Each structure stands twice: as C-alpha cells, then as structure tokens.
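J.: Handing you a structure now.
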Amino acid sequence: MDWIEWREAAAIPARTPFLLSPTFEYDVGLNSFFLSGDMLCRAWNTQDGYARDLKAFLNFLWHNRNRTCWRNATTADHLAYLTWRRKDPAGPRVDDATCDREVTAVNRFYDWQVSANNLAENPIPQRARRPPPPTTGRRGGGETATTAATYSHGAGREKIEWLPPATYRRWRDVGMRGYTARGLPDSAFRGRWAARNELFSDVMVRTGLRLAEQTALTVFEMPRDRGLGGYQRFWLPSAIAKGGSARRVYVP
C-alpha cells in the first residue's frame with residue numbers, strides 16, 4: 001500500500017496538514033491532532049498555520065535540544081524556544097504578535113494531546129484564565145480554566161492601523177494601476193491586468209472578503225443587475241467561505 005492509498009484508507013480528508021520527522025517518519029499520535037474535531041472544523045489556511053507554528057517548535061526541539069521528541073518536551077524547552085525566537089541575536093527575532101500566535105498553537109496541541117491521553121501533562125506553563133467582564137454577557141470557563149502563561153502581552157492588541165480613503169486610492173493607483181504619486185500614468189509601469197487588480201482591491205476593501213474567498217468567486221456569485229444604484233447583495237456559498245460561514249455580501 002502506497003502513501004496515497006494509506007491516507008485514503010485511513011479516511012484522512014484531502015488537504016489535511018501533517019508533519020514528518022527529520023528522518024521522514026509519520027508519527028500517528030502527533031498527526032492525530034490535525035484529525036481532531038477542533039482542527040477539522042477550522043478553515044484550511046488556519047490548519048496550515050497551526051502546522052507551520054508547531055513545526056517551528058518541533059524543529060527547535062530536534063536541532064537545538066538534542067533531538068528531543070515532542071512527547072518528552074519540558075517547560076525548560078518551551079522557555080528556551082521563546083528566548084531563541086524573540087531575543088537571541090542568532091534567532092529569528094520574531095515580533096510579539098507572531099510569538100503569541102505560536103504559543104497558542106503549541107499550547108492547543110499539547111492541551112489536546114493531554115485530553116486524548118497521549119501525554120500526562122502539558123509542558124507549557126499555565127495560569128488561571130481571567131473571566132470576561134460581566135458586561136460582555138459571556139460566561140467564563142470556570143475556576144479551573146487555564147491559558148498559557150508565556151504570552152508576551154506586548155502585541156499591541158488595541159493598535160489600529162488604517163488608511164483614509166484618499167490615501168488608499170493613491171496606494172492603489174500607484175501600486176496596481178501604474179500611476180505616479182501625482183496622478184499621471186507612469187511610463188515605466190509594466191504591470192498587466194491593471195483594471196482587474198484595481199477592481200479586486202476595491203471589492204476587498206469595500207466588502208471585507210478574505211483573500212481565499214474573493215479569489216474563489218465566479219461570475220455566478222456576483223450580482224448581474226447593474227441598473228440598480230447603491231449596494232447589491234450576493235450569496236457567498238459555504239464551499240468557498242472561510243470556515244463554511246456562508247453569508248450575504250454587499251457590493252457597491
């Protein structure tokens with residue numbers, strides 16, 4: 001039985017990510033995480049992101065911690081990884097937001113492995129999760145709910161970056177339409193399909209569609225009646241919507 005036949009026999013959905021060890025071994029216990037209900041219900045690009053973040057940590061265990069297996073990882077390994085990723089001059093020096101995303105992925109992986117009885121405990125240090133404010137109307141996870149204690153807390157969650165409409169149009173015209181900053185055609189521009197790229201950018205800005213959602217659209221989804229003014233709506237089918245979240249989208 002070859003690799004493809006084995007994956008089909010194991011009923012592994014298409015495009016489900018998996019990881020191989022540096023010696024090209026497929027660890028069933030490790031990769032069962034990607035077959036869990038929590039992961040299979042997520043969008044493909046989210047699954048892919050989890051696989052990449054987990055791979056970075058496992059590579060560190062192998063190359064920098066004497067070929068440590070994921071099953072034998074310790075809190076010291078996790079802390080050493082964070083130091084190398086964020087502060088070591090020889091490391092990648094990732095920003096706080098990237099670091100926090102990786103902590104989330106690795107912590108979720110080990111939490112699931114513990115719940116699946118593949119491990120006795122999560123090597124990621126934990127702290128009690130703060131309950132949401134009463135005004136939000138959300139319930140907390142209970143007194144025993146925990147979260148990873150190694151988040152950076154410096155990702156600037158309240159920092160909002162945006163462009164005024166005039167600035168956006170200048171960025172679009174210079175970058176996609178081949179104009180200069182003064183609003184004149186740039187003779188040095190060699191781009192193709194400038195009008196298509198301009199339309200793609202405008203639709204994304206005006207509707208909030210994700211990249212994968214918009215690139216999957218066809219003329220069959222888009223509204224065809226151009227006689228009406230204002231916004232027109234169309235149905236975004238679950239087959240191309242992120243997480244299967246089919247919905248109405250309004251297009252100017």
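J.: Identify, please: which residue in the stretch 44-73 is more than 20 Å from Asp100 (Cα to Cα) and of a type outside the set (D, E, K, R) and is, among those, surrounded by the fewest Cβ atoms within 10 Å (Cβ to Cβ)?
T.: Per the criteria, the residue is Asn66.
J.: On to the next question. What are the residue pairs meeting all of these: first residue in the stretch 111-134, first residue farther than 21 Å from Met39 by Cα and part of a loop (DSSP other than H, G, I, E, B), second residue modelled with pLDDT of 95 or more and not acidic (Asp, Glu), Cβ atoms under 7 Å, and 6 or more apart or on different chains?
T.: From the stretch 111-134, the pairs are Pro125/Thr75.
J.: Assess whether Val249 counts as being assigned to a helix (DSSP H, G or I), closer than 30 Å to Gly178 by Cα and of a type in the set (A, V, I, L, M).
T.: When the stated conditions are applied, Val249 does not pass them.
J.: Filter the stretch 22-43 for residues that are exposed (fewer than 15 other Cβ atoms within 10 Å of the Cβ) and either assigned to a loop (DSSP other than H, G, I, E, B) or of a type outside the set (Gly, Ala, Ser) (or both) and give the result.
T.: Listed by number, the residues that qualify are Pro22, Thr23, Phe24, Glu25, Tyr26, Val28, Asp38, Leu40, Cys41.
J.: I'd like the full set of residues that are of a type in the set (Phe, Trp, Tyr) and part of a helix (DSSP H, G or I), limited to the stretch 190-225.
T.: Matches in the stretch 190-225: Phe200 only.
J.: Here's something else I'd like to know. Restricting the first residue to the stretch 76-87 and requiring it to be more than 16 Å from Leu54 (Cβ to Cβ) and modelled with pLDDT under 95, which pairs with a second residue that is assigned to a helix (DSSP H, G or I) and of a type in the set (D, E, K, R) meet a Cβ separation below 8 Å and a spacing of at least six or different chains?
T.: That search, which allows pairs on different chains as well, returns Arg86/Asp96.
The values are calculated or read from the model by the stated rules, or taken from the named source; none is laboratory data. Everything numeric in this text was worked out from a predicted model, so none of it was measured. Cβ coordinates were reconstructed from backbone atoms using ideal geometry, including for glycine residues, and neighbour counts include every protein chain displayed.
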